[in-house]
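Okay, structure first, notes after.
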Amino acid sequence: MSGEASESADAKRIAELREELNHHIVLYHEKDDPEISDEEYDTLYAELQTLEGKYPELISGDSPTQRVGSAPSTSFAPVEHRIPMLSLANARTEEELTGWETRVRNHLVRRDVDPGQLTYVTEPKIDGLAISLTYENGKLIQGATRGNGTVGEDVTLNIETIRTLPKEIENAPPLIEVRGEVYLPIPDFAELNQKRVDAGLPAFANPRNSAAGSIRQVDPKAAAERPLAVWAYGIGATEGVSFESHSEEIEWLREHDFPVNPDIAVHDSIEGVLERCHWWLDRRERLDFEIDGVVIKVDAIGLWDELGVAGREPRWAIAWKFPPTTATTKLLEVVWNVGRTGHLVPFAMLDPVRVGGVTVSTATLHNEEDLARKDVRAGDEVVVLRAGDVIPQVVSALPQKRPEGAKKPEPPEKCPACGTEVVKPDDSVFSICPNRSGCPGQIFQHIKHFVSRGAMDIEGIGEKQVARFLEEGLIRDVGDLYGLTQEQLESLDRMGAISAGNMISEIEKSREVPFPRVLFALGLIGVGSVTAEVLADEFGSIDALRAADPERIEQTEGIGPIMARQIAESLADERTWAMVERLKAAGLKLELAEDERRPEGGPLEGKTVVLTGTLPDLTRDEAGAMVKRAGGKVTNSVSKKTDFVIAGDSAGSKLEKAEKLGVPVLDREGLDRLLSGEIKSDE
Ligand code: IVH
């Protein structure tokens, strides 16, 4: 074929692939009914990516490789706000916050207003997207983004897909504009991202971005797929109604069924405000929506005009921002650690920096692909993020500050722990040390994982002790732990009889650890604690799991074809199975105990139940345990396979999905009737 002919054949193939992939994206995301496997999808996607790499000039915005949302956003009609949508000044410290209150007071005094005792309202500062909702005679007629504060975009159709938002309000004035923040609840964000990754689409960086992307979808059907939520926090233009205080506005919103955060509070001193700010900071990690601070507003609306606006920021409100969880620092070196399954994981050695209250000197770079995509190099200034208790990560580099000649880091050709030549499987984003049972790096990581909390939880034995036992030749793998004796431990330098005795009894105790945690401790590729739990529940014993073929394993909730194959392969591996046999011989629990098994013949035998929202008198765990005792299975996401959804208060997207798929939805009382056998699914 001539060059031109092959180019036109490639162009044709690109068009074909795009059409085909788009078809599958719709089936997967909108119809919930995929017709090809994830692997087949990935293959098509990779082919398209390769071809587009060859002909960058043929890449177009509508290619599945380019789209962030399900449809590229074009343009929305402009909407002029009746009253500008302002932003907020920030206070980063307590001093800045008390300084603001002093300025408020001084400003009022200068305008001959006696500030007297001021009251303040505190609200969470939601990390989402500001929205304006216009109701005329009680009907929602327009939803608009903030835009530049004066002119926003008309996103009415997408706003209408938000279930918790009233589309009509009772006893309404002729005009009222409600303002609030659109956001994506964190659990829904995680679910959405997982789906995107499964479909070969790029993941969203955070809930805010995905909420913003969703509200600006041109296709409202795609927006409806994203379970957006709203917190209403204020009122803009009105006709026929007025408010004296912000707390009155909040009350009005509540009475008219707008979603209003239940923890908004009123304070009569700045000390009370400060206390509340810390209260929010403490709760931050436990909320199911992201907040980046607390908004403080002067309650009396009569004072708002007196205080006025400076630039685009009203003087009557301020945002107390939480200490940053990101920081920039210099990346000194990229090192490669071998993980417990042989994966070489790139780590950044950093110039130590304070992030969210702790000093960080190492951060993960995840994997080769991620590293290449972010183009992070030694010598770069990098942004480091710390969220919750997880390992800090390098988010991005600031290439404008890159030292000359900085090279792209490459994975080593030989395993840094054992020197074995590494392999790079085609379908992996990691290079792998293939020396599964002989690599000291892998063995160390595996034993460390085995004894850790959540796995066998052997107290007193951690990273340091494991390293020492290995060095001294006391153990070679996890099986050896159960052969350790008091004398052996005491023979170690600086090890007293008491510590040695404690360790032995902790090891002893771990023989009682229940099967799901032992399964997790085995460290099979892809088997995290949640997967271990569902596998244990599904198969009941390691023997039954080993006897299952990948097709059977794949029938387990949450397990895809790739993972199913990996699990089957690991258990078929001779050395892995030898380790299991040794642990069995040591008396570890490699099957569920009688009372842990799902009872046969219970009213919920063979039934799958999803729990969502808050039940009045039960935690989700308690309700889950009740379902299991009745023989049922509890899963996390609603699909066609779900038999019942039990929905409590503020149930969100799962309830919506159940309704869409026609899955029966029951309340708390319905749960009792289900457990007593009064309701059967065949009804
Ligand atoms: S009040 C005074 N209240 O923060 C007018 N804003 O930095 C400002 N935001 O664009 C709005 N939670 O998107 C207000 N409880 C809250 C808020 C809030 C989040 C956002 C909003 C605004 C931005 C200003």
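Here is how the numbers come out for the structure above:
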{"item": "The chain - Kirkwood radius from inverse mean 1/r over Cα pairs (Å)", "result": "29.3 Å"}
{"item": "Sum of -39500 (n - 2.57) over DSSP H runs of 4+, divided by residues of the chain (222 nm, nearest 500)", "result": "-11000 deg cm²/dmol"}
{"item": "Mean separation of Cα contacts under 8 Å, 6 or more apart, over the residue count of the chain: relative contact order %", "result": "8 percent"}
{"item": "Antiparallel %, DSSP beta bridges [both residues in the chain], to 5", "result": "85 percent"}
{"item": "Proximal lysines relative to residue 509, as straight alpha-carbon distance under 21 Å, when same-chain residues fewer than 8 apart are discounted", "result": "448, 464, 584, 589"}
{"item": "Shape category assigned to region 314-470 from the gyration tensor of Cα positions, a/c cut at 1.5", "result": "oblate"}
{"item": "Unpaired by the 4.7 Å Cβ criterion, cysteines found in the chain", "result": "277"}
{"item": "Sparse-neighbour loop sites [GluC sites (Glu not before Pro); region 126-218; at most 15 other C-beta within 10 Å; DSSP]", "result": "160, 170"}
{"item": "Which of 162, 296 has the fewest Cβ neighbours within 10 Å, and the rest in rising order", "result": "162, 296"}
{"item": "Three-way shape call for region 415-499 based on the alpha-carbon gyration tensor, with the a/c threshold at 1.5", "result": "prolate"}
{"item": "Residue order, fewest to most surrounding Cβ atoms within 10 angstrom, among 404, 249, 596, 574", "result": "404, 574, 596, 249"}
{"item": "Cα-based reach from residue 407 at 13 Å (exclusive), listing aspartates and glutamates while leaving out same-chain residues under 8 positions away", "result": "333, 375, 380"}
{"item": "Förster-model FRET efficiency, 51 Å R0, residue 427 and residue 263, C-beta, rounded to 0.05", "result": "0.65"}
{"item": "Taking N as its residue count, the alpha carbon Rg of region 292-380 over 2.2 N^0.38 Å", "result": "1.79"}
{"item": "Degrees separating the helix 38-54 axis from the principal Cα axis of the chain, which is the longest one", "result": "70 degrees"}
{"item": "Exposure proxy order (Cβ contacts within 10 Å, fewest to most) of 515, 444", "result": "444, 515"}
{"item": "Degrees between helix 620-629 axis and first principal axis of the chain (Cα, 0 to 90, nearest 10)", "result": "50 degrees"}
{"item": "Karplus-derived 3J(HN,Hα), 6.51/-1.76/1.60, for each residue of region 160-169, Hz, glycine and proline x", "result": "5, 7, 7, 5, 7, 8, x, 8, 9, 10"}
{"item": "Cα gyration tensor shape for region 170-327, rounded if a/c is under 1.5, else prolate or oblate", "result": "oblate"}
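We did not get these values from a lab; they are worked out from the coordinates using the rules stated. This structure is a prediction, so every number in the text was calculated from the model and none was measured. With ideal geometry, Cβ positions are generated from the backbone for all residues, glycine too; neighbour counts draw on all protein chains shown.
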